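Chemist: This is the structure, below, for whatever I ask next.
The values are calculated or read from the model by the stated rules, or taken from the named source; none is laboratory data. Not measured: the values here are computed from a predicted model. When we count neighbours, we look across all protein chains shown, and the Cβ atoms used for this are built from the backbone with ideal geometry, even at glycine. The protein model used for the area step is the full one, side chains on, heavy atoms only, and it has no ligands, DNA or RNA in it. Shrake-Rupley method; radii C 1.70, N 1.55, O 1.52, S 1.80 Å.
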Amino acid sequence: MRKYVAEFFGTFWLVLGGCGSAVLAAAFPGLGIGLLGVSLAFGLTVLTMAFAIGHISGCHLNPAVSLGLWAGGRFKAKDLFPYILFQVLGGIAAGGVLFLIASGKAGFDVSAGFASNGYGAHSPGGYTLLAALVTEVVMTMMFLVVILGATDNRAPKGLAPIAIGLCLTLIHLISIPVTNTSVNPARSTGVALFVGGWAVEQLWLFWVAPLVGAMLGAVIYRFIGGGKDKM
């Protein structure tokens, strides 16, 4: 149970830190952190939690990562559903805390986005469904390749959290304009439920695409890595 609770709090921190930076700090007058700051915030949440709970749960914080690690031979099937459940619950809890904080400001309008992921009219840059699908699949695929490579027992020891955190930062730098960057169904669900409407209607993409991308990433790394490494 300790590892499941660790995943809950780890995912809670990812959503609160990443989405919180987007909702509260990205466009703050005169001091806004912008796209670069939000990208870095998401990377820092993974980096910090990897050091905090990596030795407890592996610090997945993401249903797609758990699925990809299972497909890559690094994770037991019996833990897959509990991990995903606690990750989603952690994301929703963080969404609730963020909603309470954000709604404390006059004029707050959750329907404006609340860091939700979207395509078409709800893409930050107006990108199509196809563009969003390709982006989320490819970004998650590469994320899994980096995760599996960085945690390979042949990789330099102790540096995996840095590589993975920077990878997530880079992913956000590329894809925030397209989908507001998901690559994580728990992150998407945690805020979409508070927005409702379009955010929930489009949520399916941010489950399907990351899960498909994670499986592809696992297949690619098992081929290029030889399929013999252990975490």
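Chemist: Out of all the residues in the stretch 133-154, which are open to solvent by 20 Å² or more (accessible area, probe 1.4 Å) and not in a helix (DSSP H, G or I)?
Modeler: Within the stretch 133-154, Thr151, Asn153, Arg154 meet the criteria.
Chemist: Follow-up question, since we're still on this one. Looking for something out of contact with any strand residue (DSSP E or B) (no Cβ under 8 Å at 6 or more places or on another chain), open to solvent by less than 60 Å² (accessible area, probe 1.4 Å), closer than 24 Å to Ser111 by Cα and without any contact (Cβ under 8 Å) to a residue 12 or more places away in the chain - is there at least one such residue anywhere in the stretch 182-192?
Modeler: Of the residues in the stretch 182-192, the ones out of contact with any strand residue (DSSP E or B) (no Cβ under 8 Å at 6 or more places or on another chain) are 182-192.
Cutting the leftovers down to open to solvent by less than 60 Å² (accessible area, probe 1.4 Å) gives us 182-192.
Restricting the remaining residues to those that are closer than 24 Å to Ser111 by Cα gives 182-192.
Subset that is without any contact (Cβ under 8 Å) to a residue 12 or more places away in the chain: none.
Checking the stretch 182-192: not a single residue is out of contact with any strand residue (DSSP E or B) (no Cβ under 8 Å at 6 or more places or on another chain), open to solvent by less than 60 Å² (accessible area, probe 1.4 Å), closer than 24 Å to Ser111 by Cα and without any contact (Cβ under 8 Å) to a residue 12 or more places away in the chain.
Chemist: Would you confirm whether any residue within the stretch 5-23 is assigned to a helix (DSSP H, G or I) and over 18 Å from the mean Cα position of the chain (by Cα)?
Modeler: no
Chemist: Are any residues in the stretch 27-53 within 16 Å of Gly165 (Cβ to Cβ) and either open to solvent by less than 30 Å² (accessible area, probe 1.4 Å) or at pLDDT below 95 (or both), and if so, which ones?
Modeler: Selection gives Gly37, Val38, Ser39, Ala41, Phe42, Gly43, Thr45, Val46, Met49, Ala50, Ile53.
Chemist: Check Ala64, Ala160, Ala115 and return the single one that is over 13 Å from the mean Cα position of the chain (by Cα) and either crowded, with 19+ Cβ neighbours inside 10 Å or closer than 19 Å to Val15 by Cα (or both).
Modeler: Being over 13 Å from the mean Cα position of the chain (by Cα) and either crowded, with 19+ Cβ neighbours inside 10 Å or closer than 19 Å to Val15 by Cα (or both) holds for just one of Ala64, Ala160, Ala115, which is Ala160.
Chemist: Next question, about the same structure. Would you mind finding the one in Gly126, Gly43 that is closer than 25 Å to Leu205 by Cβ and either of a type in the set (Asp, Glu) or part of a loop (DSSP other than H, G, I, E, B) (or both)?
Modeler: Answer to the selection: Gly126.
Chemist: Given the criteria open to solvent by less than 10 Å² (accessible area, probe 1.4 Å), out of contact with any Pro (no Cβ under 7 Å at 6 or more places or on another chain), assigned to a loop (DSSP other than H, G, I, E, B) and at pLDDT 95 or above, does Gly95 qualify? Working first, answer last.
Modeler: Values: open to solvent by less than 10 Å² (accessible area, probe 1.4 Å): yes; out of contact with any Pro (no Cβ under 7 Å at 6 or more places or on another chain): yes; assigned to a loop (DSSP other than H, G, I, E, B): no; at pLDDT 95 or above: yes.
Against the criterion (open to solvent by less than 10 Å² (accessible area, probe 1.4 Å), out of contact with any Pro (no Cβ under 7 Å at 6 or more places or on another chain), assigned to a loop (DSSP other than H, G, I, E, B) and at pLDDT 95 or above), Gly95 does not qualify.
Chemist: Of all residues in the stretch 98-112, count the ones that are open to solvent by 50 Å² or more (accessible area, probe 1.4 Å), touching a helix residue (DSSP H, G or I) at 6+ places or on another chain (Cβ under 6 Å) and at pLDDT 95 or above. Give the derivation first.
Modeler: To start, the set of residues in the stretch 98-112 that are open to solvent by 50 Å² or more (accessible area, probe 1.4 Å) comprises 99-101, 103-109, 111-112.
Retained after the next criterion (residues that are touching a helix residue (DSSP H, G or I) at 6+ places or on another chain (Cβ under 6 Å)): 99, 108.
Restricting the remaining residues to those that are at pLDDT 95 or above gives 99.
The total comes to 1.
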